[in-house]
């Protein structure tokens, strides 16, 4: 008789197209909003098992959720997503692959496998899994949603074995500047506008003041300087005066030596007596005219001709006079009358 | 009393997201140094040392926010950031310090170390800083040195010219001309340096602060990537513009693109 009654109760259900049966039977109202619904319709018992139950943190284990129908099944359970449960999401990482191990040991039993791993060493248990199903035998459909919890499964999770790793880096990274220097406030450098303006104007103004002040204080400064520079010429002319009475060879040697000394004092000529070419070069380097340089070369050539002629001096030349004239010509070109 | 307060503060607040404003700068510096030293003592265990380096970096950064600005502070901050695995912060700090003192060898060494840790997604020059071919022994000239040199040359040129007017010596005239030319050249370098600094102020340094950042053609995720190669933490660039949570940056090779603002550290006060 009960079996007949069950069959009668199932009759309208069996007459519906298969895709519509469950939707038509399971009401949308009354489902627990915070728990995943298994879509199962009937009456079920659930239990859970974990293997292994002793492990290190971040080591995977398998949680098997077994659902057993204890009454005719209107709609089979589907796999629920444990990630929707905060109690699981906070404690475990979910690995791929568990779904492949789902089994159906008998028509009334469903086994769902999950691959989990505890996130930390302080995870002590697998929380109870809430299995939500709809029981059509309950008279008020809105009250037909039932939640069956599995028992919590104690776990022994050891801390993850950790390797001590040093902080990498060269020695200078571990040094520190200490004290007040690190509190300083550097300002970015910008060109000082006022200082630049002062510098641009003050330097030439000061130089002009120096120039005109010196001219005012020492009006004869140029002449004094010229006289100072002419000291070498006066000494040379004085030395030539005594050489006029010497024999030609000695006179030539003396004149050449005096002019060489003069050139050395005025133009940094070589230490030893210059050759005609060296004398000309010396004057050219000093910026004197080519005629003056040629005149110096000619003078030294004439001196050499008198001093080193194999048969004695052929002509009697006034080499002291020529030397004096050359020195005066150099002075005249160095200090022209217009500059005085 | 102050050391006791510091000790209590250090015990009660081991992780420093923000530093209380009531602490004096000297106290913040002392806390930073203590944290850094604790990190150095624990350097054999990375997991234990890194939080202390992170805390030291936070304290040094607080000093920076309060206005301290000098190469030593930036070197400390860069070292602490690098040891705390904060590569973008380290690169930015070393670059800030080198902007103040380009000849600081420790800052340059730190920057080289940080750049060596940047992971580039592709071979080639994309995202890499330009090669510095300058010999390490050659000092980098600073604007103020150029300015001082120009001033000295200018004054010397004026002096030599005046002296030439007095003596008419050609050597003095030649020296005056050389000094004027040198002053002009150095002034040109000062102008160039000031222009460069202004340009850097307009286009501040930016450092990529996340891995896998793609430069996009526009300021939004709807725009496609401009380059396929992603940028990782520590890549240096210049910020051109900012708009609606996005910044346009230019890499050293001239590549330009948009990146989310939160993925880029910008050298802003």
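Would you mind calculating the relative contact order of the stretch B:143-201 from Cα pairs under 8 angstrom and at least 6 residues apart, reporting the percent as a whole number? Walk me through the intermediate numbers first.
Working: 50 pairs, mean separation 27.8, N = 59.
Over the stretch B:143-201, the number comes to 47 percent.
Quantify how strongly other chains surround peptide B:33-45 by giving the mean number of their Cβ atoms within 10 Å of each of its Cβ atoms.
For this peptide, the per-residue mean of nearby foreign Cβ atoms is 3.
Please determine, in degrees from 0 to 90 and to the nearest 10, the orientation of helix B:87-100 with respect to the longest principal axis defined by the Cα atoms of chain B, where the helix direction is its Cα long axis.
Taking Cα atoms only, the helix is inclined about 20 degrees.
How far, in degrees from 0 to 90, does helix A:290-308 lean away from the longest principal axis of the Cα atoms of chain A, to the nearest 10?
Compared with the principal axis, the helix lies near 60 degrees.
In peptide A:184-193, how many Cβ atoms from other protein chains are near each Cβ within 10 Å, on average?
Working: counts 6, 6, 10, 2, 6, 9, 6, 10, 3, 0.
Mean shielding by partner chains, rounded to a whole number: 6.
Where Rh denotes the Kirkwood radius from the mean inverse Cα pair distance, what is Rg over Rh for chain B?
1.11
Estimate the FRET efficiency between residue A:102 and residue A:45 by the formula 1/(1 + (r/R0)^6), using the beta-carbon distance for r and 25 Å for R0, to the nearest 0.05. Walk me through the numbers on the way to the answer.
Details: r = 18 Å, r/R0 = 0.72.
Rounded to the nearest 0.05, the efficiency is 0.90.
If eta is 0.890 mPa s and T is 25 °C, what Stokes-Einstein diffusion coefficient results for the stretch B:204-266, Kirkwood Rh from Cα pairs, in µm²/s?
222 µm²/s
Please work out the Cα convex hull volume for the stretch A:27-158 and give it in Å³ per residue. It would help to have the intermediate numbers written out before the result.
Values: hull volume 12.5 nm³, N = 132.
Value for the stretch A:27-158: 95 Å³ per residue.
Which FRET efficiency value, to the nearest 0.05, is calculated for residue A:174 and residue B:244 with the Förster distance at 41 angstrom and r the Cβ-Cβ distance?
On the way: r = 42 Å, r/R0 = 1.02.
FRET efficiency, residue A:174 to residue B:244: 0.45.
At a 10 angstrom cut-off on C-beta neighbours, averaged per residue, how do the peptides B:120-129, B:88-97 rank from highest to lowest? Walk me through the numbers on the way to the answer.
Details: B:120-129: 15.1, B:88-97: 25.6.
Order by mean packing, descending: B:88-97, B:120-129.
Of all beta bridges DSSP finds with both residues in the protein assembly as shown, what is the antiparallel percent, to the nearest 5?
Working: 50 of 57 bridges.
Among the beta bridges of the protein assembly as shown, antiparallel pairing accounts for roughly 90 percent.
For the stretch B:143-201, what is one quarter of the convex hull surface built on the Cα atoms, given in nm²? Show your work: numbers first, answer last.
Details: hull surface 14.3 nm².
That works out to 3.6 nm².
By what distance, in whole Å, do the Cα atoms of the protein assembly as shown stretch along each of the three principal axes, largest value first?
Dimensions of the protein assembly as shown along the principal axes of its Cα atoms: 174, 62, 44 Å.
So for chain A, considering every pair of alpha-carbon atoms, how many percent are separated by more than 24 Å?
Details: 43551 of 57630 pairs.
The answer is 76 percent, as a whole percent.
State, to one decimal in nm, how far the label point of residue A:125 lies from the label point of residue B:65, with both points 7 Å from Cα in the Cβ direction.
Going from the residue A:125 label point to the residue B:65 one covers 4.4 nm.
In the stretch B:67-125, how does Rg compare with the Kirkwood Rh, expressed as the Rg/Rh ratio over alpha carbon atoms? Before the final figure, lay out each step's value.
On the way: Rg = 11.7 Å, Rh = 11.5 Å.
Taking Rh as the inverse mean 1/r over Cα pairs, Rg/Rh reads 1.02.
Mind jotting down the distance between the C-alpha centroids of the stretch B:38-110 and the stretch A:254-268, whole Å?
Taking the Cα centre of the stretch B:38-110 as reference, the centre of the stretch A:254-268 is 73 Å away.
Normalised by the residues of the stretch B:68-113, what does the relative contact order come to in percent, with Cα pairs under 8 Å and at least six apart?
On the way: 49 pairs, mean separation 19.1, N = 46.
After rounding, I find 42 percent.
Dividing the convex hull volume of the alpha carbon atoms of the stretch B:14-86 by its residue count, what do you get in Å³ per residue?
Values: hull volume 5.7 nm³, N = 73.
Residue-normalised Cα hull volume stands at 78 Å³.
Partner chain Cβ atoms within 10 Å, averaged over the residues of B:143-152 - can you pull that number for me?
Numbers: counts 4, 4, 1, 1, 7, 0, 0, 3, 6, 0.
Mean shielding count: 3.
For chain B, take the longest principal axis of its alpha carbons; what is the angle in degrees between that and the long axis of helix B:105-117, to the nearest 10 within 0 to 90?
The two axes meet at around 50 degrees.
Residue A:214 to residue A:139: extension gain in nm, 0.36 nm per residue of separation minus the Cα-Cα distance?
Values: separation 75, 0.36 × 75 = 27.00 nm, distance 12.56 nm.
Result for the pair: 14.4 nm of gain on full extension.
In 5 Å bins starting at 0, how do the alpha-carbon pair distances of the stretch B:113-269 split up by percent?
In order of increasing distance, the bins hold 2, 9, 13, 14, 12, 10, 8, 7, 6, 5, 5, 4, 3, 2, 0, 0 percent.
If packing is taken as the average count of other Cβ atoms within 10 Å, what order do B:228-234, A:65-71 fall into, highest mean first? Could you put the intermediate results ahead of the total?
On the way: B:228-234: 20.0, A:65-71: 17.3.
Output ranking for B:228-234, A:65-71: B:228-234, A:65-71.
Could you list log10 I(q)/I(0) for the stretch A:95-139 at q = 0.17, 0.23, 0.29 Å⁻¹, which the Debye formula gives when each Cα is one point scatterer?
-0.77, -1.02, -1.11
Just need the relative contact order of chain A here, percent rounded to a whole number, with Cα pairs under 8 Å and 6+ apart.
Numbers: 439 pairs, mean separation 43.7, N = 340.
Computed value for chain A: 13 percent relative contact order.
Over every pair of different alpha-carbon atoms in the stretch A:191-293, take the mean of 1/r and invert it; report that Kirkwood radius in Å.
Values: mean 1/r = 0.0571 Å⁻¹.
Mean inverse Cα-Cα distance, inverted, gives 17.5 Å.
All of the numbers you see were taken from the coordinates with simple rules; none came from a lab. As the structure is a prediction and not an experimental result, all values here were calculated from the model. Note: ideal-geometry Cβ built from the backbone for every residue, glycine included; neighbour counts use all protein chains shown.
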